[in-house]
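Only one structure is covered here, and it is reproduced in the block below.
Since every read-out is calculated from the coordinates, none of them should be taken as a lab result. All values reported here derive from a predicted model rather than from experimental measurement.
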Amino acid sequence: MDIYTPAKRSSIMSKIRSTDTKAEVRLRKALFAFGYRYRKNVRRLPGAPDIVLPRFAYVIQVRGCFWHAHDCRRAHRPNSNADYWNPKLARNVERDVKADRALRAAGWRVRVVWECEIQSAAGLKDTVGLIVTDLPRSPMPAPQGLRHISNDRVRCLFGVRPSQDLAPPREPR
Ligand SMILES: [Zn+2]
């Protein structure tokens, strides 16, 4: 039995934020510290991905375990109101699958990071390590090259404009 009434449970759940979660902010800070510059919540891409590194044609989806139905303890569902939560969460998962597929089809690399994976400092470090390994090195210049360039400048350099289609910017030759 859920310890809360359905109304109270709904109010608690609605306060779980779906964007700019703590985990996401920590990951962004870590990437920034490594010299990576990103754009966040890019609405023109399918599913408005959380973190986008246009320079690397790379998208990071930070997923909250509850809202995106991760197979872990954090994703534990309230016992009450299953008729409400199950279809709602199933729709979220379906949306995620579609968005990731559309992004990949448009040439983006997509890495999904679960909230629970970056909860601890060690987990965060491992995840950042994996992402850094993922990112293409050549023929792109080292990420340090982006350090003193603003996001706007990155957008100019690599031709990422809101009006453009979904494809990532081409690699410079
Ligand atoms: Zn999880």
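Over all alpha-carbon pairs of region 11-143, lay out the pair-distance distribution in 10 Å bins, whole %, shortest bin first.
For region 11-143, the binned pair fractions read 11, 41, 34, 11, 2, 0 percent.
Could you run the Karplus curve 6.51 cos²θ - 1.76 cosθ + 1.60 with θ = phi - 60° over region 64-76 and give me ³J(HN,Hα) per residue in whole Hz, x for Gly and Pro?
Values per residue, Gly and Pro as x: x, 4, 6, 5, 10, 6, 5, 8, 8, 5, 5, 8, 3 Hz.
For R109, enumerate residues with amide H under 5 Å from its amide H, sequence gap 5+ or separate chain, H modeled in the peptide plane.
Amide H neighbours of R109: Y58, V59.
Got a sec to turn the phi values of region 28-44 into Karplus ³J(HN,Hα) couplings, 6.51 cos²θ - 1.76 cosθ + 1.60 with θ = phi - 60°, whole Hz, x for Gly and Pro?
So the J values, rounded to whole Hz, are 4, 4, 5, 4, 4, 4, 7, x, 8, 10, 9, 10, 10, 6, 7, 5, 6.
Can you list the residues, at least 5 places off or on another chain, whose amide H is less than 5 Å from the amide H of H70, using H built in the peptide plane?
Under 5 Å from the amide H of H70 lies no amide H from a residue far enough along the sequence or on another chain.
Contact order normalised by length for region 11-143, with contacts defined as Cα pairs under 8 Å and 6 or more residues apart; what percent is it?
Details: 139 pairs, mean separation 33.4, N = 133.
Normalised by residue count, the contact order of region 11-143 is 25 percent.
Taking amide H positions as placed 1.01 Å from N in the peptide plane, with prolines and chain starts having none, which residues 5 or more places from C65, or on another chain, fall under 5 Å of its amide H?
Residues meeting the amide H criterion: E115, C116.
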